[in-house]
(Lines give C-alpha, C1' and ligand atoms only; values in the text may rest on other atoms or scores of the structure.)
Protein backbone atom coordinates (compact mmCIF):
# COMPACT_ATOMS: atom_id res chain seq x y z
CA UNK A 1 0.00 0.00 0.00
CA UNK A 2 2.87 2.37 0.81
CA UNK A 3 4.21 2.08 -2.76
CA UNK A 4 0.80 3.11 -4.10
CA UNK A 5 0.68 6.29 -2.05
CA UNK A 6 4.16 7.27 -3.17
CA UNK A 7 2.65 7.80 -6.63
CA UNK A 8 -0.19 10.02 -5.37
CA UNK A 9 0.59 13.71 -6.09
CA UNK A 10 0.42 16.16 -3.16
CA UNK A 11 -3.03 17.69 -2.72
CA UNK A 12 -1.89 21.28 -3.32
CA UNK A 13 -0.61 20.30 -6.79
CA UNK A 14 -3.97 18.80 -7.74
CA UNK A 15 -5.86 21.84 -6.46
CA UNK A 16 -3.62 24.18 -8.49
CA UNK A 17 -4.15 22.03 -11.60
CA UNK A 18 -7.94 21.97 -11.20
CA UNK A 19 -8.13 25.73 -10.62
CA UNK A 20 -5.84 26.46 -13.58
CA UNK A 21 -7.93 24.23 -15.86
CA UNK A 22 -11.23 25.67 -14.66
CA UNK A 23 -10.13 29.28 -15.14
CA UNK A 24 -7.88 28.61 -18.18
CA UNK A 25 -5.57 31.10 -16.47
CA UNK A 26 -2.78 30.77 -13.93
CA UNK A 27 -3.38 34.36 -12.83
CA UNK A 28 -7.05 33.79 -12.00
CA UNK A 29 -6.24 30.46 -10.35
CA UNK A 30 -3.61 32.20 -8.24
CA UNK A 31 -6.12 34.84 -7.18
CA UNK A 32 -8.58 32.16 -6.08
CA UNK A 33 -5.91 30.24 -4.15
CA UNK A 34 -4.28 33.35 -2.62
CA UNK A 35 -0.86 32.55 -4.08
CA UNK A 36 1.23 34.04 -6.89
CA UNK A 37 0.81 33.03 -10.56
CA UNK A 38 4.40 31.76 -10.51
CA UNK A 39 3.48 29.48 -7.59
CA UNK A 40 0.58 28.00 -9.58
CA UNK A 41 2.82 27.55 -12.63
CA UNK A 42 5.51 25.91 -10.48
CA UNK A 43 3.03 23.48 -8.92
CA UNK A 44 1.57 22.47 -12.26
CA UNK A 45 5.07 21.94 -13.64
CA UNK A 46 5.80 19.66 -10.67
CA UNK A 47 2.56 17.78 -11.33
CA UNK A 48 3.45 17.34 -15.02
CA UNK A 49 6.84 15.95 -14.01
CA UNK A 50 5.17 13.50 -11.62
CA UNK A 51 2.54 12.52 -14.19
CA UNK A 52 5.04 12.25 -17.01
CA UNK A 53 2.98 14.21 -19.56
CA UNK A 54 2.21 17.82 -20.43
CA UNK A 55 -1.21 18.74 -19.04
CA UNK A 56 -1.44 22.21 -20.59
CA UNK A 57 -0.51 23.85 -23.87
CA UNK A 58 0.85 27.34 -23.23
CA UNK A 59 0.77 29.80 -26.12
CA UNK A 60 1.53 33.31 -24.94
CA UNK A 61 -1.11 34.22 -22.39
CA UNK A 62 -3.52 31.53 -23.64
CA UNK A 63 -3.85 28.29 -21.72
CA UNK A 64 -5.65 25.11 -22.73
CA UNK A 65 -5.63 21.49 -21.67
CA UNK A 66 -3.91 18.78 -23.67
CA UNK A 67 -5.80 15.57 -24.37
CA UNK A 68 -3.99 13.97 -21.43
CA UNK A 69 -4.84 16.99 -19.30
CA UNK A 70 -8.54 16.72 -20.18
CA UNK A 71 -8.62 13.05 -19.16
CA UNK A 72 -6.68 13.74 -15.99
CA UNK A 73 -8.92 16.68 -15.05
CA UNK A 74 -12.00 14.43 -14.93
CA UNK A 75 -10.28 12.09 -12.46
CA UNK A 76 -8.94 14.96 -10.36
CA UNK A 77 -12.35 16.62 -10.14
CA UNK A 78 -13.96 13.37 -8.98
CA UNK A 79 -11.23 12.94 -6.35
CA UNK A 80 -11.54 16.52 -5.10
CA UNK A 81 -15.34 16.26 -4.99
CA UNK A 82 -15.00 13.12 -2.88
CA UNK A 83 -12.62 14.85 -0.48
CA UNK A 84 -15.00 17.80 -0.28
CA UNK A 85 -17.85 15.48 0.67
CA UNK A 86 -15.70 13.87 3.34
CA UNK A 87 -15.11 17.31 4.85
CA UNK A 88 -18.84 17.77 5.49
CA UNK A 89 -19.79 17.80 9.19
CA UNK A 90 -21.40 14.36 9.12
CA UNK A 91 -18.13 12.85 7.89
CA UNK A 92 -15.54 15.02 9.58
CA UNK A 93 -13.76 14.10 12.75
CA UNK A 94 -13.47 16.37 15.75
CA UNK A 95 -11.85 19.66 14.81
CA UNK A 96 -8.12 19.84 15.40
CA UNK A 97 -6.28 22.72 17.04
CA UNK A 98 -2.77 23.56 15.87
CA UNK A 99 -0.60 25.97 17.85
CA UNK A 100 2.19 27.57 15.80
CA UNK A 101 4.97 29.86 17.08
CA UNK A 102 6.38 32.26 14.49
CA UNK A 103 8.74 35.27 14.38
CA UNK A 104 6.77 38.53 13.94
CA UNK A 105 8.01 39.69 10.52
CA UNK A 106 7.87 36.21 9.01
CA UNK A 107 4.28 35.94 10.17
CA UNK A 108 3.21 39.29 8.75
CA UNK A 109 5.07 39.18 5.45
CA UNK A 110 4.91 35.48 4.61
CA UNK A 111 2.58 33.30 6.60
CA UNK A 112 -0.59 35.30 7.20
CA UNK A 113 -1.10 36.29 3.51
CA UNK A 114 -0.92 32.58 2.57
CA UNK A 115 -3.23 31.23 5.27
CA UNK A 116 -6.36 31.21 3.04
CA UNK A 117 -4.73 28.46 0.99
CA UNK A 118 -3.99 26.32 4.06
CA UNK A 119 -7.49 26.90 5.45
CA UNK A 120 -9.00 25.79 2.14
CA UNK A 121 -6.86 22.64 2.10
CA UNK A 122 -7.47 21.74 5.75
CA UNK A 123 -10.74 23.34 6.88
CA UNK A 124 -10.91 21.10 9.97
CA UNK A 125 -7.71 22.58 11.46
CA UNK A 126 -8.03 25.66 13.66
CA UNK A 127 -4.73 27.54 13.69
CA UNK A 128 -3.52 29.45 16.73
CA UNK A 129 -0.61 31.76 15.90
CA UNK A 130 1.76 32.86 18.66
CA UNK A 131 4.71 35.21 18.27
CA UNK A 132 8.21 34.08 19.17
CA UNK A 133 11.13 36.44 19.76
CA UNK A 134 14.19 35.70 17.59
CA UNK A 135 17.38 34.72 19.48
CA UNK A 136 15.58 34.76 22.83
CA UNK A 137 13.32 31.99 21.52
CA UNK A 138 10.54 33.21 23.80
CA UNK A 139 7.24 31.66 22.78
CA UNK A 140 3.99 30.31 24.12
CA UNK A 141 4.42 26.97 25.84
CA UNK A 142 3.33 23.71 24.25
CA UNK A 143 3.19 24.86 20.65
CA UNK A 144 2.89 22.09 18.05
CA UNK A 145 5.07 23.74 15.40
CA UNK A 146 7.79 26.33 15.93
CA UNK A 147 9.54 28.45 13.32
CA UNK A 148 12.77 30.05 14.53
CA UNK A 149 15.01 32.69 13.04
CA UNK A 150 18.64 32.03 13.88
CA UNK A 151 21.66 29.88 13.20
CA UNK A 152 19.81 26.55 13.11
CA UNK A 153 22.02 25.09 15.83
CA UNK A 154 19.87 24.29 18.86
CA UNK A 155 20.72 21.59 21.44
CA UNK A 156 18.26 18.68 21.53
CA UNK A 157 16.24 20.11 18.64
CA UNK A 158 15.85 18.84 15.08
CA UNK A 159 15.91 21.63 12.48
CA UNK A 160 14.64 21.82 8.91
CA UNK A 161 15.65 24.80 6.78
CA UNK A 162 12.57 26.70 5.63
CA UNK A 163 13.75 29.99 4.12
CA UNK A 164 17.17 31.51 3.56
CA UNK A 165 18.08 34.45 1.37
CA UNK A 166 21.09 36.71 0.81
CA UNK A 167 21.00 40.26 2.15
CA UNK A 168 21.72 43.54 0.38
CA UNK A 169 21.78 47.23 1.41
CA UNK A 170 18.68 49.34 0.85
CA UNK A 171 17.22 52.65 1.98
CA UNK A 172 14.00 54.63 1.78
CA UNK A 173 13.11 56.62 -1.34
CA UNK A 174 13.51 59.95 0.46
CA UNK A 175 16.91 59.02 1.89
CA UNK A 176 17.97 57.74 -1.54
CA UNK A 177 17.24 61.15 -3.04
CA UNK A 178 18.89 62.92 -0.11
CA UNK A 179 22.19 61.06 -0.59
CA UNK A 180 21.96 61.11 -4.40
CA UNK A 181 21.71 57.34 -4.40
CA UNK A 182 22.49 57.07 -8.11
CA UNK A 183 26.03 58.20 -7.28
CA UNK A 184 26.55 55.32 -4.83
CA UNK A 185 28.70 52.96 -6.90
CA UNK A 186 31.25 51.70 -4.37
CA UNK A 187 30.67 49.73 -1.20
CA UNK A 188 33.04 52.01 0.72
CA UNK A 189 30.64 54.92 0.20
CA UNK A 190 28.16 53.27 2.56
CA UNK A 191 30.57 53.78 5.46
CA UNK A 192 29.81 57.51 5.30
CA UNK A 193 26.04 56.96 5.53
CA UNK A 194 23.71 56.26 8.45
CA UNK A 195 23.76 52.49 8.88
CA UNK A 196 20.85 50.95 10.77
CA UNK A 197 21.94 48.10 13.02
CA UNK A 198 20.41 44.81 14.06
CA UNK A 199 21.85 41.64 15.62
CA UNK A 200 19.44 39.81 13.30
CA UNK A 201 21.22 41.13 10.18
CA UNK A 202 24.82 42.04 11.11
CA UNK A 203 26.85 44.21 8.73
CA UNK A 204 30.20 42.43 9.08
CA UNK A 205 29.44 39.53 6.66
CA UNK A 206 28.33 42.03 4.01
CA UNK A 207 31.44 44.17 4.54
CA UNK A 208 33.58 41.08 3.98
CA UNK A 209 31.65 40.12 0.82
CA UNK A 210 32.16 43.67 -0.45
CA UNK A 211 35.91 43.53 0.23
CA UNK A 212 35.77 46.07 3.04
CA UNK A 213 37.97 45.84 6.13
CA UNK A 214 35.34 47.35 8.40
CA UNK A 215 33.99 46.40 11.81
CA UNK A 216 30.39 46.10 12.91
CA UNK A 217 28.94 49.62 13.43
CA UNK A 218 28.91 50.54 17.12
CA UNK A 219 26.64 53.59 16.99
CA UNK A 220 23.25 54.43 15.55
CA UNK A 221 19.76 53.02 15.95
CA UNK A 222 19.62 49.35 16.91
CA UNK A 223 16.60 47.14 16.11
CA UNK A 224 15.81 43.73 17.57
CA UNK A 225 12.93 43.21 15.14
CA UNK A 226 13.31 43.01 11.36
CA UNK A 227 9.86 44.49 10.77
CA UNK A 228 10.68 47.56 12.87
CA UNK A 229 13.96 47.99 11.00
CA UNK A 230 12.15 47.81 7.66
CA UNK A 231 9.73 50.47 8.87
CA UNK A 232 12.71 52.64 9.83
CA UNK A 233 14.22 52.12 6.38
CA UNK A 234 10.94 53.01 4.67
CA UNK A 235 10.70 56.19 6.78
CA UNK A 236 14.12 57.32 5.52
CA UNK A 237 16.15 56.84 8.69
CA UNK A 238 19.16 55.24 7.02
CA UNK A 239 20.54 52.18 5.22
CA UNK A 240 19.92 48.60 6.37
CA UNK A 241 20.58 45.09 5.16
CA UNK A 242 17.36 43.55 3.88
CA UNK A 243 16.12 40.39 2.19
CA UNK A 244 14.06 40.36 -0.99
CA UNK A 245 11.30 38.25 0.53
CA UNK A 246 10.95 40.37 3.66
CA UNK A 247 11.09 43.73 1.88
CA UNK A 248 9.13 42.62 -1.21
CA UNK A 249 6.12 44.90 -0.71
CA UNK A 250 8.21 47.97 0.07
CA UNK A 251 10.55 47.32 -2.86
CA UNK A 252 7.64 46.79 -5.24
CA UNK A 253 6.00 50.05 -4.18
CA UNK A 254 9.25 52.00 -4.44
CA UNK A 255 9.24 52.97 -0.76
CA UNK A 256 12.51 51.11 -0.33
CA UNK A 257 15.30 51.27 -2.92
CA UNK A 258 18.19 48.86 -3.31
CA UNK A 259 21.75 50.21 -3.13
CA UNK A 260 24.46 48.29 -5.02
CA UNK A 261 24.29 44.77 -6.43
CA UNK A 262 26.55 43.26 -3.78
CA UNK A 263 24.89 40.53 -1.72
CA UNK A 264 26.14 38.38 1.11
CA UNK A 265 24.97 35.26 2.86
CA UNK A 266 23.35 35.89 6.21
CA UNK A 267 24.41 33.88 9.26
CA UNK A 268 20.72 33.50 10.07
CA UNK A 269 17.75 31.81 8.39
CA UNK A 270 14.26 30.53 9.16
CA UNK A 271 14.01 26.99 10.48
CA UNK A 272 11.25 24.61 11.48
CA UNK A 273 12.33 23.16 14.82
CA UNK A 274 11.06 20.23 16.84
CA UNK A 275 12.29 18.13 19.72
CA UNK A 276 14.41 15.12 18.77
CA UNK A 277 12.39 11.90 18.74
CA UNK A 278 9.19 13.76 19.64
CA UNK A 279 6.16 12.50 17.66
CA UNK A 280 4.46 15.07 15.44
CA UNK A 281 0.68 15.37 15.40
CA UNK A 282 -0.89 14.57 11.99
CA UNK A 283 -2.14 18.15 11.59
CA UNK A 284 1.32 19.47 12.47
CA UNK A 285 2.84 17.25 9.78
CA UNK A 286 0.28 18.53 7.27
CA UNK A 287 1.15 22.12 8.17
CA UNK A 288 4.90 21.52 7.90
CA UNK A 289 4.55 19.72 4.56
CA UNK A 290 2.44 22.62 3.29
CA UNK A 291 5.05 25.14 4.44
CA UNK A 292 7.87 23.25 2.75
CA UNK A 293 5.88 23.11 -0.50
CA UNK A 294 5.35 26.87 -0.72
CA UNK A 295 7.06 28.98 -3.37
CA UNK A 296 8.71 31.67 -1.30
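Of the helices (runs of 4 or more DSSP H) that lie entirely inside the stretch 1-84, those containing 2 or more residues that are surrounded by 12 or more Cβ atoms within 10 Å (Cβ to Cβ) and touching a residue at least 60 places away in the same chain (Cβ under 8 Å) span 11-23, 37-51. Where strands (runs of 3 or more DSSP E) fall wholly inside the stretch 181-292, the ranges with 1 or more residues that are farther than 30 Å from residue 98 by Cα and at pLDDT 95 or above are 239-242, 256-258. Just to be sure I understand, how many residues within the stretch 152-176 are touching a strand residue (DSSP E or B) at 6+ places or on another chain (Cβ under 9 Å), modelled with pLDDT of 90 or more and surrounded by fewer than 16 Cβ atoms within 10 Å (Cβ to Cβ)? Total satisfying the criteria: 4.
The values are calculated or read from the model by the stated rules, or taken from the named source; none is laboratory data. This one's a predicted model, so the numbers in the text were calculated from it and none came from an experiment. Cβ: placed from backbone, ideal geometry, glycine included. Neighbour counts: every protein chain shown.
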